[in-house]
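After the structure tokens below, expect a handful of questions from me.
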Amino acid sequence: MAKEKYIPKASIGGNKDKSNISRGQFLSWLSVGWLAFVGATGGFFTILIRYLFPNVLFEPPQTFKVGFPDDFEVGKIDSRFKKEYNVWVGRSEDGIYALSTVCTHLGCTPNWLPTDRKFKCPCHGSGFRISGMHFEGPAPRPLERYKISLSNDGQVLVDKTKSYKHEKGEWENPDSLLKV
Ligand code: FES
């Protein structure tokens, strides 16, 4: 008769339990590790994509041509450049000027009302005459003008890097009015 090999009971059950716990722990650590890996990889690629495609704000140029002097009629405001450049171009008997579309009260954008011949701010009701002078509402000063000149090809050139304030006597500067 073959001799039976003695195997302790505790050892059988104990080993089985230990092996189950170890597997469970292993799987749970594997999950945590996998999640960490996925998170880190996702973060890395997010940063990489932000680096490759940065959030660039495309601003319109500060100096731009608006057309030839004859394109602007005396006593009229040209609003074609308001949306893209935030500028109105006006023409008086004296010359052509470029006005800022920023209200001098709190910075809203007024509207040109041709029938009333004035700029009217929708925020608090300031009014500006065709020249840019303020005359009603809380705006404390006139609209600003920008540098204006003739380019080599004969077109009117507006330069927003230089502005002129009436209250400082800067509208007297020859660069704030194009005499044509
Ligand atoms: S912002 Fe124009 S009136 Fe106040």
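No value in this document is a laboratory result; all are computed from the given coordinates. In this text the structure is predicted, and so the values were computed from the model without any measurement. Ideal geometry is used to build each Cβ from the backbone, glycine not excepted, and the neighbour counts take in all protein chains shown.
For the chain, with a Gaussian network of springs between Cα atoms less than 10 Å apart, report the residue from I47, I77, I148 with the top mean-square fluctuation.
I47
Another question, if that's okay. Given 5 Å bins starting at zero, what is the percent of C-alpha pairs of segment 80-180 in each, up to the one with the largest pair distance?
Calculated P(r), rounded to whole percents: 2, 14, 25, 26, 19, 10, 3, 1, 0.
Using a Gaussian network for the chain with springs between C-alpha atoms less than 10 Å apart, which of these wobbles most: F45, F64, F135?
F45
Between T41, T104, T115, where does the largest GNM mean-square fluctuation fall for the chain, given springs only between Cα atoms within less than 10 Å?
Per the Cα network of the chain with a 10 Å cutoff, T41 tops the list.
Would you work out if segment 62-117 is rounded, prolate or oblate? Take a ≥ b ≥ c from the square roots of the eigenvalues of the alpha-carbon gyration tensor; rounded if a/c is under 1.5, else prolate when a/b is larger than b/c, oblate otherwise. Mind showing how you got there, number by number?
Working: a/c = 1.98, a/b = 1.27, b/c = 1.55.
The shape class here is oblate.
Further question: Nothing charged except the Cβ atoms of Lys and Arg (+1) and of Asp and Glu (-1): what's the magnitude of the dipole of the chain about its Cα centre? Round to the nearest 20 debye. Please report the intermediate quantities before stating the final value.
Details: 25 positive and 19 negative charges, 312 e Å.
I would put it at about 1500 debye.
Going by alpha carbons, how many degrees (0 to 90, nearest 10) lie between the helix axis of 9-52 and the longest principal axis of the chain?
Approximately 20 degrees, to the nearest ten.
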